[in-house]
1. How many residues does region 1-36 hold that are surrounded by 13 or more Cβ atoms within 10 Å (Cβ to Cβ) and in contact with a strand residue (DSSP E or B) (Cβ under 6 Å, 6 or more places away or on another chain)?
2. Just to be sure, is residue 97 assigned by TED's automatic domain parsing to the domain that holds residue 192, under 20 Å from residue 58 (Cα atoms) and out of contact with any strand residue (DSSP E or B) (no Cβ under 6 Å at 6 or more places or on another chain)?
3. Which helices (runs of 4 or more DSSP H) sit wholly inside region 200-311 and have at least 2 residues that are in the same structural domain as residue 108 (by TED's automatic domain parsing) and either over 30 Å from residue 84 (Cβ atoms) or at pLDDT 70 or above (or both)?
4. Please report, ordered by residue number, the helices (runs of 4 or more DSSP H) entirely within region 82-195 with at least 2 residues that are touching a residue at least 60 places away in the same chain (Cβ under 8 Å) and surrounded by fewer than 19 Cβ atoms within 10 Å (Cβ to Cβ).
5. Looking at region 1-55 only, could you name the residues that are part of a helix (DSSP H, G or I) and in contact (Cβ under 8 Å) with a residue 12 or more places away in the chain?
């Protein structure tokens, strides 16, 4: 499926050449003009409205049919997980916060390369994730032209990606759950990471149910117990008060002005138990210098996301 995001629309036109009144909805995908005829003007305008809504959501339009991905009546067996994952991300892009976009993409960087057939010539995992991150899972306006290695990886993915209907099978879903339970380095993933990635998979399958690919969410029928989050802190991972003071004294040596700001940020992390995004957005009005503490109920946050996910 060749997708384009350059879409233009024209007003509905009355077809004067036919004996009975008819109306033509007209639009253009890329350089290819498209049209569809309706018996009434209201039907034609309603159809164009659906197309405009799809374009507003950032959906790709198929060059062959002229339709957005969500309106293509493709055979379910012909739809791959890669194609569905791409339409899932792009369909949510315009209404999602940057961190949500990042969470979706991070989960799919694990799931898409895992749900593939065993075809020869499998690319390096880094190449697969790289082309997904910088090209496939981004709107067209944000894409970076893939390198030769990335283009080869994408071609392999397009051939190897499992059919979407395969996710209705328990063996395929267990393969997906095994994948999200492991880091890119092959080590056991943290419980919170697994929980977030499973949530993305579950929501993606909910969309598949909405689009009538499944009668119910197949993930709900899998008996699987995720690992529990570790609640005990290893003392070896926490600095001592003496070490903390030495580290804070060394930070100002980084750059001319940056070091002083970093020292204040890390001091809030250590002494005030603030998260990095809370310390980064801390205001003087939210602190209580007299009691040397910060009011956690008054602290805001400024979470950050990768530049690919930002508007």
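The values are calculated or read from the model by the stated rules, or taken from the named source; none is laboratory data. These numbers come from a predicted model, not from an experiment. Ideal geometry is used to build each Cβ from the backbone, glycine not excepted, and the neighbour counts take in all protein chains shown.
1. Within region 1-36, the first condition is being surrounded by 13 or more Cβ atoms within 10 Å (Cβ to Cβ), and the residues that meet it are 1, 3-5, 7, 9-10, 12-13, 15, 22-30, 34-36.
Of the ones still in play, those that are also in contact with a strand residue (DSSP E or B) (Cβ under 6 Å, 6 or more places away or on another chain) are 1, 4, 7, 9-10, 12-13, 15, 22-30, 34-36.
The qualifying residues number 20.
2. On the way: assigned by TED's automatic domain parsing to the domain that holds residue 192: yes; under 20 Å from residue 58 (Cα atoms): yes; out of contact with any strand residue (DSSP E or B) (no Cβ under 6 Å at 6 or more places or on another chain): yes.
Taking the combined requirement at face value, the residue satisfies it.
3. On the way: elements: 241-250, 258-272, 276-280.
It comes to none.
4. Numbers: elements: 98-114, 125-131, 148-160, 170-180.
The qualifying helices (runs of 4 or more DSSP H) are 98-114, 170-180.
5. Within region 1-55, the subset part of a helix (DSSP H, G or I) is 41-55.
Result: 41, 43, 44, 45, 47, 48, 50, 51, 52, 54, 55.
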